[in-house]
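These notes concern the structure reproduced below.
The values are calculated or read from the model by the stated rules, or taken from the named source; none is laboratory data. The model shown is predicted, which means the values in this text are computed figures rather than measured ones. Note that we place each Cβ from the backbone using ideal geometry, even for glycine, and neighbour counts take in every protein chain shown.
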Amino acid sequence: MLTELLISRIQFGVSLGIHYLFPVTTLGLTLFIVITETLYLARRKELYRTISSFLVKILALVFVAGVATGLLLPFSIGANWARFSSYAGALLGSLIALESLTAFALESAFIAILFFGRDRVSPVTYWLSALLVFVGAHLSAFWIVAANSWLQTPAGYAIVDGRVVLTNLIEALLNHSTLIRFAHVITAAWLTGALLIAGIAATYLARGQHGAVARKLLALALPLALAAAVAQPIIGHFHIMQVLHHNPEKDAAYEGIFKSVDGAPLLAFGIPDEQHQVIHFAAGAPRLLSLLESGDPMGHVTGLEAFPCENWPPVNVIFTTFHLMIMLGVAMIAVAGLGVFLMWRGRLDSSRTYLRLLPWVIPLPYLANQVGWIGAEIGRQPWIIYKVMRTSEASTVTLPLWQLSVSFAGILIVYSAITFITVLSIRKLVQKGPLPSLPQE
Amino acid sequence: MDLQSYQTGVYFLVSLSFFLFALLDGFDLGIGLLLPFARTREASGRLVAHIAPFWDGNEIWLIIAGALVFAAYPVLLGMLLGAIYLPFLLFIAGLIVRAMALEYSYHDPARQRLWHLAAAGGSGLVSGIALYVLGVFLLGLPFESAGVLSQHPADYAAPFPLLVTLAGWVILAWHGLTYALSQAPAAATPISLRTLWWGVVSASLALLIGWILWLPQTLWRPSALIGIACCAAGIAGARLFLQRPGWAFRFSCLTLTGLWTLITGSLYPAVLPARLHPEWTLTIASDSAPASTLKLLLTLGLILVPIIIAYTWFIHRVLCRPKNRSRNPADSLA
Ligand code: HDD
Ligand code: HEM
Ligand code: HEM
């Protein structure tokens, strides 16, 4: 039973993690497509149309990969988590139904105009379609983040006849963590998109190709990347305050506080040792955590010891992923800040080292997204619905080990192939470069 | 409204979503099935061009239907997918292959024919598994005990689902072909329209005989009679208007509507019918979500489904205007 559960967990985590690579890119790209289409509508410069068409082509590859990796997910909740879905399906299924009726349908319908309608519809209709695709993608993110947040901080429900029943849709949707998580996830997605675009543009500029397009892309992407990167720790602070109030064990594990203390330090680094309840090689700012959490440098911080051991999340994993995310966040502030500074001084074109560095920064936001989610999801353990249902009570009991092994291997192969093909094709597209668009007929 | 009306209303909402999937993605799948019969790369490319902008939007109806089932019948999805886990994953794999293949036939023109064949394989897998499972549902599923489905593949083997699969393939191919012709009336077809029409006639007759043999008890419901009449009218009408562009497709839609009436009418009110022990059948009364959830789903469905249909129709109109038909969609993508 233990291994069956473990495979179901890893399979779900891996398929979601890979799926997430693509929607997060979609969210960022649609933002830039809407911006350039709006600029095109306002100023009617061909340059904007060239840029937007180029981004739309990248979006086509990313979008289909998102669809291909996403199709399995809603069903896998039923297939692998049967006890969970019969327990909470009426509520969670309603949210996913809402997502597909409002967001998936909108996005996948209007994206047809984006991909196939450039010379078939008026510029205004085209702009409107870009906007609707942007709205659809972000609405989709909202629903799924709301569903996930409900698992972390359940609200608006009652338990009737041993099942979860929705009693208040708005309360369930806007539970304690939805809005702050949505803000953090969307900012992360825009940062991801901005650094992807900056990386691509920097390759062109370093090689002296597509100068006008590349400069315009950098002028759009770098300031946006900086704004998002700076916003992220601020939003993150409010996020962790929310975690502190609603999932206190998780917060203690994130911060690596085993023993309750007054005047707790904010750790920047360390290796947690759950057995001995210490953090090795701890380094950080003394008393800062107390200050951040309670406004008083000597404030009281509750440690993991205050909670029963069987309710602890795996401290190692979530302490490490959380701090990795923060380090990556700091690195991205530095990179984007330097870029904006160079641009402001008019030295971006000649800073070849910086331009060569930028493409290598593309993976950082993806990594931050992954570790962020791993921390959030593993940090919820041992609960699948916090304080309502344990993950070990959620899986499908009838699935034999061999079937799970086959499915896991199959999913691993197919999902890796999709990722591989998509990354290669985007590289090819980028090497081909943006083509000046044909004049409007 | 009382609880029972909500249960019935949501049943039809779910059934309508599956029907829209069959009707809309049906022509995408049908065209997929026809691709191997197109002799040249240009010919299969023309067929793919008709569905390239739309397949994803059409496929959403499957997700909508699945999500509604998840919400409205929480026990059903876990029970069913736990029992047919691997076939179900193959079904998803088919959808994945089709999605990637349709996209990459534009991005990777050097291997276009290969991508077209992959799209055909994906379409065959998706429609084949869906049709077989439909057949099993109509017959009733093999239960081991109350609330537990059999895990043995042999218990799912039966001639009727096989018949549904084969006949369904022919009907979908016909649906796809008539759709392609409604888009490009003068184009050469991979299979002659007349031949395929005879195929549809034989498939329908075989299906009717199978139904009489294995499911006689449902044939006398009024819905069954109406459904069969619609099917017959759709097939006969298509023959009469074979030469008028667009009409064969409309009649094919009528045929599918008839099949839907027949199928929904004979399943209702079961959501998971049991073959040998009817008392184990899950029905809308025994497995529906609470009234508040049903009310929410029904309200949302009544508002949102017409809106989705309206903008889908708008986009079809915009992208398929006659002056746009000759354009090659590949121009804007690759
Ligand atoms: C580019 C991506 C990115 C960056 C730079 C950051 N984060 Fe983050 N973070 C995410 C991307 C992300 C995420 C993947 O989107 C998560 C996963 C769940 C969520 O709500 O957002 C997340 C989760 C997450 C959580 C956990 C919420 C939970 O467990 O429910 C906290 C407390 C923070 N973040 C705080 C921060 C802080 C203080 C940052 C300072 C630099 C930071 N994040 C940078
Ligand atoms: C309805 C929504 C969701 C459900 C029911 C759900 C449930 C689960 C479960 C049961 C696990 C396994 C727990 C474990 O391995 O410790 C898991 C892991 C995970 N989930 Fe969620 N989750 C949901 C939404 C999300 C969302 C929106 C994301 C965002 C990308 C996400 C990201 C992850 C990740 C990255 C893991 C991996 C942890 C690992 O590696 O095991 N989940 N989720
Ligand atoms: C349990 C978690 C999740 C489920 C069940 C899920 C389900 C799906 C499905 C079925 C699709 C395909 C829709 C289509 O055919 O167009 C899809 C695509 C998409 N998903 Fe997810 N998803 C999950 C997590 C996420 C997360 C965490 C986000 C963003 C924050 C997200 C955003 C999107 C977007 C924007 C798309 C559009 C296609 C794309 O650009 O990739 N999803 N998802």
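One table, with the values for the structure above:
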| item | result |
| --- | --- |
| Out of B:Pro159, B:Pro216, sole residue that is in contact (Cβ under 8 Å) with a residue 40 or more places away in the chain, surrounded by fewer than 20 Cβ atoms within 10 Å (Cβ to Cβ) and of a type outside the set (A, V, I, L, M, F, W, C) | B:Pro159 |
| Qualifying residue in the range A:238-248 (condition: among the β-branched types (Val, Ile, Thr), surrounded by fewer than 23 Cβ atoms within 10 Å (Cβ to Cβ) and not in a helix (DSSP H, G or I)) | no |
| Within the range A:171-194, tally of residues that are at pLDDT below 90 and part of a helix (DSSP H, G or I) | 3 |
| Total residues in the range A:36-46, condition in contact (Cβ under 8 Å) with a residue 40 or more places away in the chain and either more than 14 Å from A:Val135 (Cβ to Cβ) or touching a strand residue (DSSP E or B) at 6+ places or on another chain (Cβ under 8 Å) (or both) | 4 |
| Check on B:Cys231, within 20 Å of the chain's Cα centre (by Cα) and surrounded by fewer than 20 Cβ atoms within 10 Å (Cβ to Cβ) | no |
| Residue satisfying all of: in the range A:133-142; surrounded by 20 or more Cβ atoms within 10 Å (Cβ to Cβ) and within 14 Å of another protein chain (Cβ to nearest Cβ); farthest from ligand 1 (Cβ to nearest atom) among these | A:Val133 |
| Extreme residue, nearest to ligand 1 (Cβ to nearest atom), among residues of the range A:378-397 that are in contact with a Ser or Thr (Cβ under 8 Å, 6 or more places away or on another chain) and over 26 Å from A:Leu328 (Cβ atoms) | A:Tyr386 |
| Residues within the range A:4-35 that are among the β-branched types (Val, Ile, Thr), within 16 Å of ligand 1 (Cβ to nearest atom) and over 30 Å from A:Ser53 (Cβ atoms), tallied | 1 |
| Residues satisfying the stated conditions in the range A:69-82, i.e. at the interface with another protein chain (Cβ under 7 Å from one of its Cβ atoms) and either modelled with pLDDT under 90 or in contact with an Asp or Glu (Cβ under 9 Å, 6 or more places away or on another chain) (or both) | A:Leu71, A:Pro74, A:Phe75, A:Gly78, A:Ala79, A:Ala82 |
| Identity of the residue in the range B:292-312, facing chain A (nearest Cβ under 7 Å) and under 15 Å from B:Gly9 (Cβ atoms), that ends up surrounded by the most Cβ atoms within 10 Å (Cβ to Cβ) | B:Leu297 |
| Some residue of the range B:60-67 being without any contact (Cβ under 8 Å) to a residue 24 or more places away in the chain and either over 25 Å from A:Ala105 (Cβ atoms) or in contact with a Lys or Arg (Cβ under 7 Å, 6 or more places away or on another chain) (or both) | no |
| Yes/no for A:Thr167 being over 19 Å from the mean Cα position of the chain (by Cα), under 22 Å from A:Gly28 (Cα atoms), modelled with pLDDT under 95 and not hydrophobic (A, V, I, L, M, F, W, C) | no |
| Members of the range A:147-166 found to be facing chain B (nearest Cβ under 9 Å), touching a helix residue (DSSP H, G or I) at 6+ places or on another chain (Cβ under 7 Å) and surrounded by fewer than 21 Cβ atoms within 10 Å (Cβ to Cβ), listed by number | A:Arg163, A:Val165 |
| Residue satisfying condition, being of a type in the set (Val, Ile, Thr) and more than 18 Å from A:Met325 (Cβ to Cβ), within set A:Val243, A:Val261 | A:Val261 |
| Residue check, B:Ile51 within 14 Å of chain A (Cβ to nearest Cβ), surrounded by 22 or more Cβ atoms within 10 Å (Cβ to Cβ) and closer than 25 Å to B:Gln183 by Cβ | yes |
| Residue check for B:Leu89: at pLDDT 90 or above and more than 17 Å from the chain's Cα centre (by Cα) | yes |
| Test: residue in the range A:376-392 that is in contact with a strand residue (DSSP E or B) (Cβ under 8 Å, 6 or more places away or on another chain), assigned to a helix (DSSP H, G or I) and surrounded by fewer than 21 Cβ atoms within 10 Å (Cβ to Cβ) | yes |
| Selection from the range A:354-377 of residues that are within 16 Å of ligand 1 (Cβ to nearest atom) and not hydrophobic (A, V, I, L, M, F, W, C) | A:Pro363, A:Pro365, A:Tyr366, A:Asn369, A:Gln370, A:Gly372, A:Gly375, A:Glu377 |
| Identity of the residue in the range A:57-68, more than 7 Å from chain B (Cβ to nearest Cβ) and under 18 Å from the mean Cα position of the chain (by Cα), that ends up surrounded by the fewest Cβ atoms within 10 Å (Cβ to Cβ) | A:Val62 |
| Qualifying position, being closer than 22 Å to B:Leu80 by Cβ, away from ligand 2 (no atom under 12 Å from the Cβ), among the polar types (S, T, N, Q) and in a helix (DSSP H, G or I), among A:Ser100, A:Ser85, A:Ser94 | A:Ser100 |
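Here is a yes/no grid of residues against (1) over 22 Å from B:Tyr104 (Cα atoms); (2) buried (at least 23 other Cβ atoms within 10 Å of the Cβ); (3) at the interface with another protein chain (Cβ under 7 Å from one of its Cβ atoms); (4) aliphatic (A, V, I, L, M):
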site	(1), (2), (3), (4)
A:Ala103	yes, no, no, yes
A:Leu114	no, yes, no, yes
A:Ser122	yes, no, no, no
A:Leu128	yes, no, no, yes
